[in-house]
Amino acid sequence: MELPDFTDLEVTMAHHLTPAELADQMQMERGEVIGKCVQMGVPIYHGRIDRTLFESSLRSLTVSKSAHRSPQSRR
């Protein structure tokens, strides 16, 4: 049985931050972070947000909006 490489686990480990901490790191306003969480369905548990989930959801939202607006996506 092979053990997992813990360096890989550290990279994918969740980082739970308060809305203010996440806003500082994402260069957003605290209210904007909370609004995006509500819009994207990202949960806020005990006043903390999973940074990895927030970032991937925001990336997906941005990509889907740009693809929806792009005239090339309608071909």
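The values are calculated or read from the model by the stated rules, or taken from the named source; none is laboratory data. The shown structure was predicted, so the numbers you read here are calculated from the model rather than taken from an experiment. Note that we place each Cβ from the backbone using ideal geometry, even for glycine, and neighbour counts take in every protein chain shown.
Identify all residues within region 46-59 that are surrounded by fewer than 13 Cβ atoms within 10 Å (Cβ to Cβ) and free of Cβ contacts under 8 Å to residues at least 12 places away in the same chain; write none if there are none.
Once the filter is applied, which keeps residues that are surrounded by fewer than 13 Cβ atoms within 10 Å (Cβ to Cβ) and free of Cβ contacts under 8 Å to residues at least 12 places away in the same chain, region 46-59 yields His46, Arg59.
Any residue that is surrounded by 12 or more Cβ atoms within 10 Å (Cβ to Cβ) and either of a type in the set (Gly, Ala, Ser) or at pLDDT below 95 (or both) - is there at least one of those in region 28-40?
Yes: region 28-40 contains one or more residues that are surrounded by 12 or more Cβ atoms within 10 Å (Cβ to Cβ) and either of a type in the set (Gly, Ala, Ser) or at pLDDT below 95 (or both).
For region 36-72, give me each residue that is small (Gly, Ala, Ser), under 11 Å from the mean Cα position of the chain (by Cα) and not in a helix (DSSP H, G or I).
Passing the criteria: only Gly41.
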